[in-house]
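**Q** My structure is below; once you've seen it, I'll send some questions.
No value in this document is a laboratory result; all are computed from the given coordinates. Since this is a predicted model, take the numbers as computed values, not measurements. Here the Cβ positions follow ideal geometry from the backbone for every residue, glycine too, while neighbour counts run over all protein chains shown.
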Amino acid sequence: MQTVKFEDWLKLDLRVGKIRKVEDIAGADKLYKLEVDLGEEKRILVAGLKGHYKKEELEGKSCIVFCNLEPKKLKGIESQGMILAAVSDDEKTIGLIEPDKEMTPGSKVR
């Protein structure tokens, strides 16, 4: 396992987000377009959660967002971060990582 220096860990901007809106993406079997509230801003994220969650299960859910990840276009939509999830070795089971208490959107993860 490769280790990461503490200074590199400090470069990550991880924040609590609240999923406000979930939409299907035309031609995408695994992807959702998500609008995520990060407190002072809202972001659009594209996430491969479609086979694991129904839209109504995601709406209103808290999550952890990797905010300073370089944006990437997926199916023509710019994803402005990444939602963190635990994934089984066979990738058949995915679970969002979320705070165990109600947290204000935008709260820092340390």
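**Q** Could you tell me which residue of the stretch 21-40 is farthest from residue 109 (Cα to Cα), considering only residues that are without any contact (Cβ under 8 Å) to a residue 40 or more places away in the chain and surrounded by fewer than 19 Cβ atoms within 10 Å (Cβ to Cβ)?
**A** Within the stretch 21-40, the match that is farthest from residue 109 (Cα to Cα) is 29.
**Q** Can you list residue pairs whose Cβ atoms sit under 8 Å apart, with the first residue in the stretch 68-81 being under 13 Å from residue 33 (Cβ atoms) and the second being loosely packed, with under 11 Cβ neighbours inside 10 Å and among the charged types (D, E, K, R)? Count only pairs 6 or more apart in sequence or on different chains.
**A** If the second residue must be loosely packed, with under 11 Cβ neighbours inside 10 Å and among the charged types (D, E, K, R), the pairs left are 79/73.
**Q** OK, next. For the stretch 87-95, check the following and say yes or no: at least one residue is crowded, with 17+ Cβ neighbours inside 10 Å and under 30 Å from residue 6 (Cα atoms).
**A** So far as the stretch 87-95 goes, no, none of its residues is crowded, with 17+ Cβ neighbours inside 10 Å and under 30 Å from residue 6 (Cα atoms).
**Q** Give, as residue ranges, the strands (runs of 3 or more DSSP E) completely inside the stretch 41-110 that count at least 1 residues that are more than 20 Å from residue 26 (Cα to Cα).
**A** 42-47, 62-66, 85-87, 94-96
**Q** Can you pull out the residues in the stretch 67-81 that are within 12 Å of the chain's Cα centre (by Cα) and buried (at least 16 other Cβ atoms within 10 Å of the Cβ)?
**A** Selection gives 67, 79, 80, 81.
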